[in-house]
Amino acid sequence: MKRMNILAAVVLGAWCVTGMGAQEKPGAKTVRAVRFGRLWDGKGKLWTNAIVIVEGDRIRNVTTDAAAIPTGAETIDLSKYTGLPGLIDVHTHMTIYTDETPGEPMLKQLTNNPPAVEVFLARKGALRTLEAGVTTVRDLGADQYMDIAMRDLINRGEMIGPRMFVVGYGLYITNTPYKPGINPPAGGIADGVPEVLRAVRQQIAAGADLIKMYASTGTDDDVTGFQTYNFEEIKAAVDAAHKFGKKIAIHSYGPDGARDAVRAGTDSLEHATDMDDATIQEMVKRGTFYVPTIDHNRYYLDNWQKIGYANGFQEKTKAFIERNLETARKAHKAGVKFAMGSDAIYTMFGQNTRELGWFVKAGMTPEQALRTATTNAAELLGKEKELGAVAPGYFADLVAVEGDPLADIDVKIYKVKWVMKGGAVVADKTKDRGH
Ligand SMILES: [Zn+2]
């Protein structure tokens, strides 16, 4: 009995990381009626006193007519709150999660952990992501196919987390010195067109949903943006991905890799500061999505000691944030489509939607900012008929926030009270008192 009790406590502890309650599993035919005081449906309509009828993991109907509630349906009353579609974060690294283990820098924790431990720990970041109102992520790079394992565990209901679309290894150029002996290349390393083709095909064979390529330097506390892959290599990756019906996301910190990624036909461009007007115009023309990930450098600045970065990078990182924001401002003004990506890593999970605050700073209305994490992000995933809106046939991904996110985007960022993913309530703070 004692052992059982300990086990129960461990399980409960894991499921109540931030005290938001345990995961539930409604049956495939469970019918529920969720009432919202107001509902922004992502389809251009702002409802008053909306009732969302949910059956199993999908939305059956949206109405204001209480007579439309099927008999026997359970009612969830959120009429004090505003409803939104579950949000989509199109740039995460879910498996690069770290706990705040005392006294050990996050960089060191990562290199010390075996992959199975990493995936198990990552469930906490996954929960925090859900609690921020993010029910779907596009995860852009992991080692040893941990992302594929995590996606599948979540889809099987073995782990609680957002729906994941994953890339396996991102492609990057050789970045290690010669070592005597036989050294198989690390996953994702590819130089020249034939190797790029092989690496793309390997990720697809492993079960990747899309492809990621690093077309410039720049990561962590390194904010350089030197182009790495040339146009021919980038074009080969784009075409190979598209040939298999997969999309591609290309990383570039600087303008050169960005220019060639856009010209080669990438579906989304990640980070990209200092883009020239011609590249921005080309993005408008082609409908390329821009994912600027401005907030992740803010996170690095706030946490550099805990992560383990050496002092001295702050100046250049602050300057990079300014240029990143300025590029976003220019791109938004020109009419480029944006999608919200946090680049969440380490302990940043739960802060995924802070990026929306930067988008408003860059000139968007709160509604335009919400679109980057709903309808736009769904389009980038190729899932615009299932995700990013509250409408019949869509996944029952719903978020309740306290206040009016269309007047103040901080409401979406900081006032999430309740979250449903695929018909299951995954976070509920509506009964919390005294905060
Ligand atoms: Zn990233």
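Values quoted throughout were computed directly from the atomic coordinates according to the rules given, and no laboratory measurement underlies them. Small disclaimer: the values here were computed from a predicted structure and weren't measured. As a convention, Cβ positions derive from the backbone with ideal geometry for all residues, glycine included, and neighbour counts pool all protein chains shown.
Would you kindly calculate the translational diffusion coefficient of the chain, applying Stokes-Einstein with the Kirkwood radius from alpha carbon pairs, for 37 °C and a viscosity of 0.692 mPa s, and quote it in µm² s⁻¹ without decimals? Present the calculation step by step, with values, prior to reporting the outcome.
On the way: Rh = 22.3 Å.
Estimated diffusion coefficient is 147 µm²/s.
Calculate I(q)/I(0) for the stretch 320-435 by the Debye formula, one identical point scatterer on each C-alpha and no solvent, and give its log10 at q = 0.11, 0.17, 0.20, 0.21 Å⁻¹ to two decimals.
Ignoring solvent entirely, the Cα scatterers give -0.41, -0.96, -1.26, -1.34.
Under unit Cβ charges (Lys, Arg +1; Asp, Glu -1), what dipole magnitude, rounded to 20 debye, does the chain have relative to its Cα centre?
Numbers: 53 positive and 53 negative charges, 222 e Å.
Computed charge dipole of the chain: roughly 1060 debye.
Val419: net charge of surrounding residues, Cβ under 10 Å, Lys/Arg +1, Asp/Glu -1, itself excluded? If you can, show how the numbers build up before the last one.
Working: positive: Lys417, Lys421, Lys429; negative: Glu131, Asp397, Asp428.
Cβ neighbours under 10 Å give a net charge of 0.
For the chain, what does -39500 (n - 2.57) per DSSP helix run (n ≥ 4), summed and divided by total residues, give at 222 nm, in deg cm²/dmol to the nearest 500? Each step should come with its number before you reach the end.
On the way: 14 runs with 156 residues, N = 435.
Helix contribution divided over all residues of the chain: -11000 deg cm²/dmol.
Output the pairs from Lys108/Lys421; Lys316/Lys417; Lys43/Lys421; Lys235/Lys285; Lys385/Lys431; Lys43/Lys431 with a Cα-Cα distance over 27 Å in this structure; if there are none, say none. Could you put the intermediate results ahead of the total?
Details: Lys108/Lys421 33 Å; Lys316/Lys417 37 Å; Lys43/Lys421 19 Å; Lys235/Lys285 18 Å; Lys385/Lys431 33 Å; Lys43/Lys431 30 Å.
Over 27 Å Cα-Cα: Lys108/Lys421; Lys316/Lys417; Lys385/Lys431; Lys43/Lys431.
Along the stretch 76-92, what does the Karplus equation 6.51 cos²θ - 1.76 cosθ + 1.60 (θ = phi - 60°) give for ³J(HN,Hα), rounded to whole Hz, x for Gly and Pro?
Whole-Hz 3J(HN,Hα) from phi for the stretch 76-92: 10, 8, 10, 5, 6, 10, 9, x, 9, x, x, 7, 10, 9, 8, 8, 10.
Could you name the aspartates and glutamates whose alpha carbon sits less than 13 Å from that of Lys330, not counting residues in the same chain fewer than 8 places away?
Straight-line reach from Lys330, under 13 Å: Asp274, Asp276, Asp277, Glu322.
Between Ala142, Ala396, Ile321, whose Cα lies farthest towards the positive end of the dipole of the chain when Lys and Arg beta carbons carry +1 and Asp and Glu beta carbons carry -1, centred on the Cα centre?
So the residue furthest toward the plus end is Ala396.
When you count, for each residue, the other Cβ atoms within 10 Å and take the mean per peptide, how do 310-322, 89-101, 221-233, 126-138 rank with the highest first? Working shown, then result.
Details: 310-322: 13.3, 89-101: 23.7, 221-233: 18.4, 126-138: 27.2.
Put in order of decreasing packing, that is 126-138, 89-101, 221-233, 310-322.
Using the 10 angstrom Cβ neighbour count as an exposure proxy, how do Arg354, Arg323, Arg198 rank, fewest first? Walk me through the numbers on the way to the answer.
Working: Arg354 22, Arg323 17, Arg198 13.
So the ranking, lowest neighbour count to highest, is Arg198, Arg323, Arg354.
How charged is the neighbourhood of Phe313? Take every other residue with its Cβ under 10 Å from the Cβ of Phe313, and add Lys/Arg as +1 and Asp/Glu as -1.
On the way: positive: Lys316, Lys318; negative: Asp220, Asp221, Asp222, Glu315.
Once all neighbours under 10 Å are counted, the net charge is -2.
Under DSSP H, which helices of the chain have Cα atoms covering 15 Å or more of the helix axis and a Kyte-Doolittle average no less than 0.5? Intermediate values should be presented prior to the final figure.
Values: long enough: 2-15 (20 Å, 1.04); 115-131 (24 Å, 0.32); 192-206 (21 Å, 0.32); 231-243 (18 Å, -0.22); 295-307 (17 Å, -1.87); 314-334 (30 Å, -1.35).
Once both thresholds are applied, what remains is 2-15.
Cross-link candidates for Lys415: which aspartates and glutamates have Cα within less than 13 Å, leaving aside residues fewer than 8 places away along the same chain?
Hits, sequence-local ones excluded: Glu131, Glu402, Asp404, Asp428, Asp432.
Would you compute, for the Cα atoms of the stretch 211-339, the largest minus smallest coordinate along each principal axis and list the three values in descending order, in whole Å?
Rounded to whole Å, the extents work out to 44, 29, 21 Å.
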